[in-house]
Amino acid sequence: MITFKDVSYQYDEKTPPVLESMDLRIPEGQYVALIGPNGCGKTTLIKHLNALLIPSRGEVLINGMNTRETSCHRDIRCQVGMVFQNPDHQIVGMSVEEDVAFGLENLAVPSREIYPLVREALSRVGMEGFEKRAPFTLSGGEKRLASIAGVLIMNPRYLVLDEPTAYLDPTGRRRILRMIRQLHQEGMGIIHVTHDIGEVADADRIIVMERGAIIMDGTPPEVCAFLMSRDNPGLEAPIMAALMAKLKESGWDLPTNIISVEDAHKEIHSCLTQLTRDNGFLRIHHK
Ligand SMILES: Nc1ncnc2c1ncn2[C@@H]1O[C@H](COP(=O)(O)OP(=O)(O)OP(=O)(O)O)[C@@H](O)[C@H]1O
Ligand SMILES: [Mg+2]
């Protein structure tokens, strides 16, 4: 369990707090998405999950370990794997192989045990054959995938990803999203920061932040309904929900709290099927 108890955080005393009186509980194995406009504090919040930042007030507990206890930091960082927003910040090795191996080398695991695991971690993210490449020669998307491999190799209980699909083409994005889903199904807790609610329709829960506070915490359909019900500076209503709302305005009998293309397709398809049955003149071609 990850627990935030009344957490506030201030980068310096002259500026207002970036996080304010935040309470939060994330059970192990849950898939949590975190959304909110630029600068609302998402990255600041998740840096508290592996003790990169320590609260100015309040406490953060990771499976009972308080991030204030320096002696717990190593264990906390083994349990909470962090993939940063900017993959350049995560590069430490002279080759991709060294880079991915870094965490295990720090734990003094012998090299002969590490390198098969490096290959396995790279193949998990579709980066086989990149072992000897210098990290600075990788594209943005490849750097991101290599940094995810470097975290997966540690076998964490929670995987925290800060905008993991930034820089990626549609294939790379799908690969990452599939991998996140797979890891979640295998029991890993996921904390996924994103600006695109469409990519977290599968999350157990979506948390919406605004100016350092949680303003909504619910299931994807609940959060979708919330976003549709108000003007959201910096946060667009989910595009599929907006489409459904427009169709509804034109008389279609559709729900509006839809986030993913797949669900929108299902609803529109069943609505058209119903119309065909009622009117008998529309033709729908099934694949
Ligand atoms: N090291 C720092 N020193 C001072 N202020 C900072 C520092 N890092 C972040 N901030 C400020 O804290 C606020 C929250 O930043 P944060 O990076 O957590 O936002 P975010 O929600 O992750 O935004 P984005 O969606 O753009 O990544 C911003 O106003 C930012 O300018
Ligand atoms: Mg950020």
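The values are calculated or read from the model by the stated rules, or taken from the named source; none is laboratory data. Please read all numbers here as calculations on a predicted model, not as lab measurements. Glycine gets a Cβ as well: all are built from the backbone with ideal geometry, and neighbour counts include every protein chain shown.
Can you tell me which of Val109, Val118, Val160, Val151 is among the β-branched types (Val, Ile, Thr), under 17 Å from the mean Cα position of the chain (by Cα) and either more than 22 Å from Ile191 (Cβ to Cβ) or not in a helix (DSSP H, G or I) (or both)?
On the way: Val109 fails: under 17 Å from the mean Cα position of the chain (by Cα); Val118 fails: under 17 Å from the mean Cα position of the chain (by Cα); Val151 fails: either more than 22 Å from Ile191 (Cβ to Cβ) or not in a helix (DSSP H, G or I) (or both).
The unique qualifying residue is Val160.
Kindly indicate whether any position in region 249-258 is within 28 Å of Tyr158 (Cα to Cα) and more than 16 Å from ligand 2 (Cβ to nearest atom). Yes: one or more hits. Of Val83, Val18, which residue is within 16 Å of ligand 1 (Cβ to nearest atom), at pLDDT 95 or above and in the same structural domain as Arg211 (by TED's automatic domain parsing)? The unique qualifying residue is Val18. One residue alone among Met1, Met65 is among the hydrophobic types (A, V, I, L, M, F, W, C), touching a Pro at 6+ places or on another chain (Cβ under 6 Å) and more than 16 Å from ligand 2 (Cβ to nearest atom), and that residue is Met1. Looking at Val92, is it at pLDDT below 95 and under 22 Å from the mean Cα position of the chain (by Cα)? Against the criterion (at pLDDT below 95 and under 22 Å from the mean Cα position of the chain (by Cα)), Val92 does not qualify. Annotation: Ala51 fulfils all but one of (1) closer than 16 Å to Val151 by Cβ; (2) within 16 Å of ligand 2 (Cβ to nearest atom); the unmet one is (2). Within the set Gly81, Gly58, Gly93, the sole residue that is under 26 Å from Lys5 (Cβ atoms), touching a residue at least 40 places away in the same chain (Cβ under 8 Å) and either in contact with a helix residue (DSSP H, G or I) (Cβ under 7 Å, 6 or more places away or on another chain) or in a helix (DSSP H, G or I) (or both) turns out to be Gly81.
Taking first residues from region 37-49 that are closer than 23 Å to Ala237 by Cα and near ligand 1 (Cβ under 6 Å from one of its atoms) and partners that are among the aliphatic types (A, V, I, L, M) and not in a loop (DSSP other than H, G, I, E, B), the Cβ contacts under 8 Å between residues at least 6 apart in sequence or on separate chains come to Cys40/Met209; Gly41/Leu19; Gly41/Met209; Lys42/Leu34; Lys42/Ile35; Lys42/Val193; Lys42/Met209; Thr43/Val193.
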